[in-house]
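A.B. asks: Quick one: structure below, then a few questions.
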Amino acid sequence: MESSALLAALLEHDTAVLRAPAGAQHVTSALTLAEAGRAIIRARAAGRLTEAEEQAAVRALRTFERRCFIVDVDRAVLARVRRPFPVEPIRTLDAVHLATTELLGEAPQVVTIVTRDIRVRDNARALGYVVE
């Protein structure tokens with residue numbers, strides 16, 4: 001689960017992205033949780049969310065976090081980020097999400113990347129991942 005998809009669920013109520021298929025587990029980067037938390041704060045500060053909507057989004061983020069396997073952004077992820085991706089240019093934070101996925105060690109065919117970001121989508125497909 002990449003940040004753009006999680007934010008679609010939290011801020012735009014696209015909750016379908018939060019439902020994992022039977023037997024599947026959501027996996028995300030620690031970066032996703034940080035980005036989502038900041039986006040909720042920014043949305044409230046910009047007047048896009050009421051206080052009640054902000055609280056609901058924070059609760060939903062906490063629930064997602066408890067149910068998700070979280071991968072830290074470590075030296076291996078950062079080392080992968082410094083190498084080219086199939087579809088350049090790609091932003092640093094998007095590269096962190098892709099690098100995190102690659103370093104899970106799973107065959108691309110058995111991993112589904114959930115994203116709303118075109119750069120992440122195009123790179124994920126080029127790397128052989130299924131994309132939702």
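None of the figures in this text is laboratory data; all of them are computed from the coordinates on show. The model shown is predicted, which means the values in this text are computed figures rather than measured ones. Here the Cβ positions follow ideal geometry from the backbone for every residue, glycine too, while neighbour counts run over all protein chains shown.
A.B. asks: Tell me, what is the FRET efficiency for ARG75 and GLU12 to the nearest 0.05, using R0 = 41 angstrom and their Cβ-Cβ distance as r?
C.D. replies: Efficiency, rounded to the nearest 0.05: 0.75.
A.B. asks: Kindly express, to the nearest 10 degrees and within the range 0 to 90, the angle between helix 3-12's C-alpha long axis and the longest C-alpha principal axis of the chain.
C.D. replies: Result, in degrees: 20.
A.B. asks: With a 10 Å Cβ neighbour count serving as the proxy for reagent exposure, in which order, fewest first, do GLU35, GLU51, GLU2 appear? Before the final figure, lay out the partial values.
C.D. replies: Working: GLU35 19, GLU51 8, GLU2 28.
Taking fewest neighbouring Cβ atoms as first place, the list is GLU51, GLU35, GLU2.
A.B. asks: Where does the chain land at 222 nm, in deg cm²/dmol rounded to the nearest 500, when only DSSP H runs of n ≥ 4 count, each adding -39500 (n - 2.57), divided by all residues?
C.D. replies: Values: 6 runs with 70 residues, N = 132.
About -16500 deg cm²/dmol.
A.B. asks: Moving to a separate point now. Please give the charge dipole size of segment 3-131, origin at the Cα centre, charges +1 on K and R Cβ atoms and -1 on D and E Cβ atoms. Round to the nearest 20 debye.
C.D. replies: That gives a dipole near 100 debye.
A.B. asks: Related question: Quick one: what does P(r) look like for the chain with 5 Å bins over all Cα pairs, in whole %?
C.D. replies: Each 5 Å bin holds this share of Cα pairs: 2, 10, 21, 23, 20, 13, 7, 3, 0.
A.B. asks: Also: Kindly put VAL130, VAL27 in sequence by how many other C-beta atoms sit within 10 Å of each C-beta, fewest to most.
C.D. replies: Values: VAL130 13, VAL27 19.
So the residues, fewest neighbours to most, are VAL130, VAL27.
A.B. asks: Output the 0 to 90 degree angle, nearest 10, between the alpha-carbon long axis of helix 30-45 and the longest principal axis computed from the alpha carbons of the chain.
C.D. replies: It works out to around 30 degrees.
A.B. asks: I've got another one for you. Please compute the length gained on full extension between VAL131 and ALA46, using 0.36 nm multiplied by the number of residues separating them and subtracting their Cα-Cα distance. Don't jump to the answer; show the numbers that get you there.
C.D. replies: Values: separation 85, 0.36 × 85 = 30.60 nm, distance 3.10 nm.
Additional length available on full extension: 27.5 nm.
A.B. asks: Once both labels are modelled 7 Å past Cα along the beta-carbon direction, what's the ARG19-ARG67 spacing in nm?
C.D. replies: Placing both labels 7 Å along Cα→Cβ, they lie 1.1 nm apart.
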